[in-house]
Amino acid sequence: MSEFYLPEGLPAPSSAPDGLAEPYWEGTREGKLRIQKCRGCHAWQWGPEWICHRCHSFDLAWEEVADNGRIYSYQRPHHPVHKALTGRGPYIAVLVELPDAGNVRMIGNLIGDAQQKVTIGAKVTAVFEHHDNATPPYTLVHWKVAD
Amino acid sequence: MVERTLRGRTAIAGIGETTYYKHGQSPDSEFKLALQAIVKACEDAGISPHDIDGFASYGNDRSEAGRLAAALGIKELRFSNMFWGGGGGGVCGAVGNAAAAVATGMADCVVAFRSLAQGQYARYGRGTGAPLVAGDDSFIIPYGVMSPAQRFAMKVTRFMHDHGIRQEALRAISLACYHHAQNNPNAVMRGRPLTEAAYDSSRWIIEPYFHLYDCCQENDGAAAVIVVPAERAKDTKHKPSYLLACGQGCDHRSAAPVHNMPNYPSSHFRQIAPRLYEMAKLKPSDIGNVQCYENFTGGVLMSLVEHGLVAAEQANEVLVKENLLAPNGRMPLNTSGGNLAECYMHGLELVIEAVRQIRGVAINQAPRNDTSIIIGGPMVTPVSSIILGSEAAL
């Protein structure tokens, strides 16, 4: 079994060409979750943007946040939409709210049995999946149901 | 002060569509399909193609206005317009943009059209082949979330969860579309009726709410409508279908990255629909028949709710097949078969069907045909919807 949740060969994330999301992807390499927070009005913002949607400040910080969340929604795709997924069978993607970061949402896979029952509202913690041999290396952020 | 409105200022005077094909089966190129649909719409209106003076489209249509104008030998191009956004979110916006150009005197005869041969270009149901993805995609695609169905599935999951709506409500939408297609000679799914059992046993595209039959087809074809000033429409061959209102755009931050729109379980019409009815001077109960874009049945459900046509709390009771059929249902829906069963012509086939309803010549004619609502591309950003009406509705 692969060490990764989904088979290799799927597109890898890149912060090119504008570098906007680079602090996030650098953080994931160190096992840290960094989310944008406005230095002007303290609004949380995700995904990254150049400007704060609330106060229009361009002065946005990257705040490290706790790696726990709550399942807001989910899906279990069956149909393979990419050649790397052919034969993989169903898998689970979750939309996770981060209560410690203004309930911004992130998408990841839910680690474990692909047939597990998924409960909206369930508490989850982040799992950092390091792709060290990729060029360039990168890290995905998955989730697992909290104990 | 003159009232700022599109209500009654313009009308659809002509409609044209090609044969609709399963993807990859059109013998004609995409651009030729566009030309065929436009020429047919002109014939239907009794207008020479030389007299077209504008084009409006959406979904990054590849048939460019300049090439169309040259190919058709039009005398002067006065309006060329592309509605932002992929998919069919812009279908009604394109008609509205054509109407806005005509109503304000920028042009006199504008074609709103869509040409799409998925067999000749990329298919929508297949993800990217690129090795790297950036921007919003970088937070989504590496997790195996890349097709349109996958991008929208979690909105539907949450909406069904919040309101306790059952799969059967989505099934009724699909059954109604397939039912209507059986009478339509140009429907790709004619001769392939759908039963409850076949729906229930069809394979999952995505659990928990996307069976195969909840998803649109992929097709080849083209469709076009001709928008002219209201006074001129009276002199054309058919009963005019007046544009009573157009709403387009999306709700507050609907396109927020990585699924962070504040109103997540939404088709993005919550702010648009009230403005639409206000311009039309109509209420949801005034609508005679509904043509609602089915990328996926869950999008139809949320669109009907956001347009006030069904209350979320009553969706399980109201969304049953009998209620959605012409002629006897309380809310005839997608009376030509729609994207699911007629053709995925990015919703322009729904606009054409609404015109046939208003003319009273639809194959599955609704008894109440003074008004039709057309809802485009739910869940994408931006989206659009229009209301058409007969002279009686003015």
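We did not get these values from a lab; they are worked out from the coordinates using the rules stated. Here the structure is a predicted model, which means the values were calculated and not measured. Here Cβ is always computed from backbone atoms with ideal geometry, including for glycine, and neighbour counts include all displayed protein chains.
Only one of A:ASN109, A:ASN103 is under 11 Å from the mean Cα position of the chain (by Cα) and either of a type outside the set (A, V, I, L, M) or within 13 Å of chain B (Cβ to nearest Cβ) (or both). Can you tell me which?
One residue alone meets the criteria, A:ASN109.
Looking at B:THR128 and the list (1) more than 14 Å from every other protein chain (Cβ to nearest Cβ); (2) part of a loop (DSSP other than H, G, I, E, B); (3) polar (S, T, N, Q), which single condition is not satisfied?
Of the numbered conditions (1) more than 14 Å from every other protein chain (Cβ to nearest Cβ); (2) part of a loop (DSSP other than H, G, I, E, B); (3) polar (S, T, N, Q), the odd one out for B:THR128 is (1).
Kindly indicate whether any position in the stretch B:285-307 is more than 19 Å from B:GLN357 (Cβ to Cβ) and surrounded by fewer than 18 Cβ atoms within 10 Å (Cβ to Cβ).
No: zero hits.
In the stretch B:255-281, what residues are over 16 Å from B:VAL300 (Cβ atoms), touching a strand residue (DSSP E or B) at 6+ places or on another chain (Cβ under 8 Å) and within 14 Å of chain A (Cβ to nearest Cβ)?
B:VAL258, B:HIS259, B:ASN260, B:TYR264
Test A:ASN109 against the stated conditions and say whether it is surrounded by fewer than 16 Cβ atoms within 10 Å (Cβ to Cβ) and either under 22 Å from B:LEU132 (Cβ atoms) or among the polar types (S, T, N, Q) (or both).
For A:ASN109, the condition - surrounded by fewer than 16 Cβ atoms within 10 Å (Cβ to Cβ) and either under 22 Å from B:LEU132 (Cβ atoms) or among the polar types (S, T, N, Q) (or both) - is not met.
B:ILE205 versus (1) outside any strand (DSSP E or B); (2) surrounded by fewer than 24 Cβ atoms within 10 Å (Cβ to Cβ): which is the lone unmet condition?
So B:ILE205 meets the others, but not (1).
B:ILE375 fails exactly one of the following numbered conditions: (1) within 10 Å of the chain's Cα centre (by Cα); (2) part of a helix (DSSP H, G or I). What is the number of that condition?
Failing condition for B:ILE375: (2).
What are the residue pairs meeting all of these: first residue in the stretch B:149-161, first residue closer than 18 Å to B:LEU212 by Cβ and within 7 Å of chain A (Cβ to nearest Cβ), second residue β-branched (Val, Ile, Thr) and surrounded by fewer than 24 Cβ atoms within 10 Å (Cβ to Cβ), Cβ atoms under 7 Å, and 6 or more apart or on different chains?
That search, which allows pairs on different chains as well, returns B:GLN150/A:VAL81.
State which residue is nearest to A:ALA21 (Cα to Cα) when the search covers only the stretch A:116-145 and only residues that are polar (S, T, N, Q) and part of a loop (DSSP other than H, G, I, E, B).
A:THR135
Pull out all pairs, ordered by first then second residue, where Cβ-Cβ is under 6 Å, the residues are six or more apart or on different chains, the first lies in the stretch B:178-191 and is in contact (Cβ under 8 Å) with a residue 24 or more places away in the chain and under 13 Å from B:LEU340 (Cβ atoms), and the second is outside any loop (DSSP other than H, G, I, E, B) and of a type in the set (D, E, K, R).
Once the first residue is in contact (Cβ under 8 Å) with a residue 24 or more places away in the chain and under 13 Å from B:LEU340 (Cβ atoms) and sits in the stretch B:178-191, its partners that are outside any loop (DSSP other than H, G, I, E, B) and of a type in the set (D, E, K, R) give B:VAL188/B:LYS22.
Which residues, taken from the stretch B:1-42, are touching a helix residue (DSSP H, G or I) at 6+ places or on another chain (Cβ under 8 Å) and charged (D, E, K, R)? Reasoning before the result, please.
Taking the stretch B:1-42 as the starting set, the residues that turn out to be touching a helix residue (DSSP H, G or I) at 6+ places or on another chain (Cβ under 8 Å) are B:5-18, B:20, B:26, B:28, B:31, B:34-35, B:38-39, B:42.
B:ARG7, B:ARG9, B:GLU17, B:ASP28 - these are the residues of the stretch B:1-42 that are touching a helix residue (DSSP H, G or I) at 6+ places or on another chain (Cβ under 8 Å) and charged (D, E, K, R).
Where residues in the stretch A:51-100 are within 12 Å of chain B (Cβ to nearest Cβ), touching a residue at least 24 places away in the same chain (Cβ under 8 Å) and in a loop (DSSP other than H, G, I, E, B), which of them is surrounded by the fewest Cβ atoms within 10 Å (Cβ to Cβ)?
Looking at residues that are within 12 Å of chain B (Cβ to nearest Cβ), touching a residue at least 24 places away in the same chain (Cβ under 8 Å) and in a loop (DSSP other than H, G, I, E, B), I get A:GLY89.
Using beta carbons and a limit of 7 Å, which pairs, at least six apart or on different chains, have the first residue in the stretch A:16-41 and within 13 Å of chain B (Cβ to nearest Cβ) and the second one of a type in the set (Val, Ile, Thr)?
Short answer, once both residue conditions are applied: A:THR28/A:THR139; A:THR28/A:VAL141; A:LEU33/A:VAL65; A:LEU33/A:VAL141; A:ILE35/A:VAL65; A:ILE35/A:VAL104.
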